[in-house]
1. Evaluate the charge dipole of region 113-166 about its Cα centre and quote only its size in Debye, nearest 20, assuming +1 on the Cβ of each Lys and Arg and -1 on the Cβ of each Asp and Glu.
2. Between L111 and A183, what FRET efficiency comes out of the Förster formula 1/(1 + (r/R0)^6) with R0 = 41 Å and r the beta carbon distance, rounded to 0.05?
3. Going Cα to Cα from K38, which lysines come in below 19 Å? Please leave out same-chain ones fewer than 8 positions away.
4. On a 1.4 Å probe surface of the protein chains, which of K132, K85, K102 comes out largest in accessible area, and what is the full order?
5. To the nearest 10 square angstrom, what accessible area does T105 show with a 1.4 Å probe?
6. Give the cross-link partners of K148 among the lysines, using a straight C-alpha distance below 29 Å as the criterion and excluding same-chain residues fewer than 8 apart.
7. So if R0 is 25 Å, what FRET efficiency would S8 and E50 give, r being the distance between their Cβ atoms, rounded to the nearest 0.05?
8. To the nearest Å, what is the center-to-center distance of region 154-199 and region 91-141, using C-alpha atoms only?
Amino acid sequence: MGGDELLSQFVRPDFDSQTFVRAAVRNESVSEDLSQLKQGIAVLENQLREQVVSHHDRLIEQVSHAKDLEALVGTVSSGVANLQKSLHKVRVAIKEPYVQLKVRTDQLNRLQLTGEVLRRVIRVRELSGKLKKFMALVEGKEPRSVLKELAQGAACLFEIRSAMTLSDLQGIDAVDRERSYIAKADSTIQEKAFDALNN
């Protein structure tokens, strides 16, 4: 878009700064258009100065023409000011969805992490319940007669440890309450398995 053609838009009665900004953003020519507008203002101001110097006497007689030029410069300056305001609005309009997207992404990540921790807590509690059932079957019986239950209890212990390793469950009461029982069951299973293998 040529400089004269660009500036001529600002004197049209139907000029709308919002429409101009949308077109500039769509064409990715915002910086170029703003630069041309600034250059156009400078050119208009220089032309006005030259007119005053070289046609001083004539200008005095034709004050109305000078007023028209001043009005033109004022119109273009006002158009540039409106354009800058519109650009600011466009920047805000672009930035706001980005910020909201980042907030939503952070929320989603935290929700997923929380969901994963809750799944692990539930899994540990379920496995701990199974472990208690196996340990009740083993209690007070000869190790050789409960080898199957010992193996199932050991498998439960392995899964419990895996669940605790994959997620940091330290400080969660529902899990911390089970830790001493899990340690005791581990010790009992090892002792009974050792006895069964050596007797």
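1. Numbers: 11 positive and 6 negative charges, 14 e Å.
Its charge dipole is roughly 60 debye.
2. That gives a FRET efficiency of 0.80.
3. By straight Cα distance, K38 reaches K85.
4. Numbers: K132 85, K85 130, K102 105 Å².
Highest to lowest solvent-accessible surface, that is K85, K102, K132.
5. Taking all protein chains as shown, T105 has close to 60 Å².
6. Those lysines meeting the cut-off are K130, K132, K133, K184, K192.
7. Values: r = 20 Å, r/R0 = 0.80.
Once the sixth-power term is evaluated, E becomes 0.80.
8. 21
The values are calculated or read from the model by the stated rules, or taken from the named source; none is laboratory data. Since the structure is predicted, the reported quantities are computational estimates derived from the model, not experimental observations. Positions of Cβ are backbone-derived with ideal geometry, glycine not excepted, and every protein chain shown enters the neighbour counts. The accessibility values were calculated without ligands, DNA or RNA, using every heavy atom of the protein model including side chains. Shrake-Rupley method; radii C 1.70, N 1.55, O 1.52, S 1.80 Å.
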